[in-house]
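Have a look at the structure below before the remarks.
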Amino acid sequence: MIIVVSPEATPEDLDHIIARIEETGRQAHISAGTERTIIGVIGPDAPELQDMFETMPHVESVHRVTKPYKLVSRDFHPSDSVIDVGLGVAVGGRELAVMAGPCSIENEKHIVETAKAVKAAGANILRGGAFKPRSSPYAFRGLGEEALRYLAVASQETGMPVITELMSVRDIEAVCRHAHIIQIGARNMQNFMLLDEVGKVKKPVMLKRALSGQIEEWLLAAEYIMAQGNPHVILCERGIRTFETAYRNTFDINAIPLTRELSHLPVIADPSHGTGKWGLVKPVAMASVAAGADGLMIEVHPSPDHALSDGAQSLTYELFADMMRSVAGIAAAVERSLPGVKAAAAAR
Ligand code: PEP
Ligand code: MN
C-alpha cells in the first residue's frame, strides 16, 4: 500500500502517520520527492487499512499496490533512482555508465592495462571477474582474492570505481573491501540467502537477470535486496535462454523499457553475454541505449583469442573505442551523454 502525503504535512504529521503504520505491525518506507512524500506500507495487504489511512489528516490518497514487489516499484518511487557508486560516478542519471573490462582478471598487468585502455575510450567503471561462475568445474574459475587486489591497483591507477561478482557469502567482506559495486551474477539471481546478505551492506549491487528469469522474478529478487535495507540496486539485462542456438543468449531488448516503466531502478545492458558474439556487441549496445538503458557492461580484452574466459564475445581495445563513438551518437539522440568519449576525443 502506498500513502501519498499532502505537501503541507509537517515532519510531526509524517511521524504520526508512520507511528500508525507501525502500530498495525507493518513497516513504513519513506520516499521524499521534491513535491510529495510517499510512504510505502510494507507488510500484508488489508483492504480495511486503506479506509483507515484515507481518513488520517494530511493523507492525500492511498493506493493498494497489486504488484508483488513494492520497494522496487515505480508506484512507490516515481522518479528515477540515481545510484552514487563512488569516485564521482553515478548510475541512472543523464550520463550513461559504461562498465568495461575483461571477463576475468588474469594478472595485475592485464587488468591495469585494460583499465587504462577502456578509460581512454570513455568507460567510467572498470569490470573484472575474480570469482567466476563456469559451467565446467575444469574451466578457469578466476584468481579469487588475488584478483581483487589487482582490481584495487587498477582502480587506484585510473581513479575508476570497480565492479566484480560475488558468488558466495563467504567472500562478501573481501569483495566489499575492494569493489565499489557488487555484481550478483545471472546464476545467483535467485540465491535468496546471498540477496539477503548484500541487502545488509551499504554498497551498490548490480543484479543480473537469470538465464530463465522472468521480469517479475527479477524484480522480486531486487526486492529481496531492498527489503533488507539496501536501496542501491542496479538491474542488468544480460540475455535469456531461448530455443535459438545461433548465439549464446537472446538479448531481451523489451526488458529495458519495461523495467524502466515498472521500476525506478537503473538498468544496464550487457550485450557481451546477451549475444556471446563480439560482432553483435556494438549494434546491440546501440539498440540498448536507444531503448533507454542507463548504461552498458562490455567485456574487453587486449587479445580476445587468448582470453581465459569469454574471448568470443570480448572486444579488442580498438573495437571498444569504435563502439563507444557509435554509442555516443545514439546517446545524444536520446538526450543522454557519454562525457568520457568527448574527453577521449579531445585528448587525441
Ligand atoms: C560475467 O559478467 O562475466 C558473468 C559471468 O555474467 P552472467 O552472470 O550474466 O553470466
Ligand atoms: Mn563473462
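Bear in mind these aren't lab numbers, they're just calculated from the coordinates by the rules spelled out. Treat the numbers as computed from the prediction; the structure is a model and nothing was measured. Positions of Cβ are backbone-derived with ideal geometry, glycine not excepted, and every protein chain shown enters the neighbour counts.
Against the main long axis of the alpha-carbon atoms of the chain, helix 11-23 sits at an angle near 90°. Taking only Cα atoms, what is the 0 to 90° angle, nearest 10, from helix 317-333's long axis to the longest principal axis of the chain? The helix 317-333 is inclined about 40 degrees to the chain. Remark on Ser263: its backbone amide H falls under 5 Å from those of Arg74, a criterion applied only to residues 5 or more positions apart or on other chains, H modelled at 1.01 Å from N.
Its Cα gyration tensor gives the range 191-262 an equivalent ellipsoid; the semi-axes, largest first and in whole Å, are 25, 13, 10. Binning the C-alpha pair distances of the chain at 20 Å intervals from 0 yields a P(r) profile of 31, 53, 16, 0 %, listed from the shortest bin outward. Of the GluC sites (Glu not before Pro) found in the range 1-110, those that fall in a DSSP loop while having at most 13 other beta-carbon atoms within 10 Å are Glu8, Glu35. A dipole drawn for the chain from +1 and -1 charges on Cβ atoms has a positive end, and of Thr275, Ala293, Leu194 the residue lying farthest that way is Thr275.
When Thr250, Thr275, Thr245, Thr37 are sorted by how many other C-beta atoms sit within 10 angstrom of their C-beta, beginning with the fewest, the order is Thr245, Thr250, Thr37, Thr275. Its Cα gyration tensor gives the range 180-308 an equivalent ellipsoid, and the semi-axes of that ellipsoid, as √(5λ) in whole Å with the largest first, are 24, 16, 14. Count Lys and Arg as plus one, Asp and Glu as minus one, and take only other residues whose Cβ is under 13 Å from that of His58; the net charge is then -4. Computed from Cα atoms, the angle from the helix 108-120 axis to the main principal axis of the chain rounds to 70 degrees. Simple point charges give the picture: +1 on the Cβ of Lys and Arg, -1 on the Cβ of Asp and Glu, and for the chain a dipole about the Cα centre of about 1340 debye. Counting charges near Arg241 (Lys, Arg +1; Asp, Glu -1) among other residues having Cβ under 15 Å from its Cβ returns a value of 0.
Taking a ≥ b ≥ c as the square roots of the eigenvalues of the alpha carbon gyration tensor, the range 1-105 is prolate, as a/c is not under 1.5 and a/b beats b/c. For the range 37-147, the tally of Lys pairs with Cα-Cα distances below 24 Å comes to 4, considering only residues 8 or more apart or on different chains.
Which loop GluC sites (Glu not before Pro) in the range 152-257, with loop taken from DSSP, have no more than 11 other Cβ atoms within 10 angstrom of their Cβ? Within the range 152-257, the qualifying GluC sites (Glu not before Pro) (loop, at most 11 other Cβ atoms within 10 Å) are Glu244.
Suppose a student asked you for the relative contact order of the chain, using Cα pairs under 8 Å spaced at least 6 residues apart; what percent would you report?
That works out to 16 percent.
Here's how it looks for Val85: its modeled amide H is under 5 Å from those of Ala90, Val91, which are all 5 or more places away or on a different chain.
Starting with the fewest neighbours, write out Val341, Val281, Val59, Val169 ranked by other beta-carbon atoms found within 10 Å of each beta-carbon.
Numbers: Val341 22, Val281 27, Val59 19, Val169 13.
Exposure proxy ranking, most exposed first: Val169, Val59, Val341, Val281.
Reported to the nearest whole Å, the Cα centre-to-centre distance from the range 259-327 to the range 98-177 is 16. Amide H to amide H under 5 Å from Ile298: which residues, 5+ apart in sequence or cross-chain, H placed 1.01 Å off N in plane? When sequence neighbours closer than 5 places are left aside, the close amide H contacts are Met99, Ala100, Gly101. For the range 2-63, the fraction of C-alpha pairs farther apart than 16 angstrom is 34 percent.
Using the Karplus relation 6.51 cos²θ - 1.76 cosθ + 1.60 with θ = phi - 60°, the per-residue 3J(HN,Hα) values for the range 240-247 come to 10, 8, 10, 6, 6, 10, 6, 9 Hz, with x marking Gly and Pro.
Local charge for Gly279 was computed over the other residues whose Cβ lies under 13 Å away, with Lys and Arg +1 and Asp and Glu -1, and equals +2. When Rg and Dmax are taken over the Cα atoms of the range 125-197, they come to 12.2, 35 Å.
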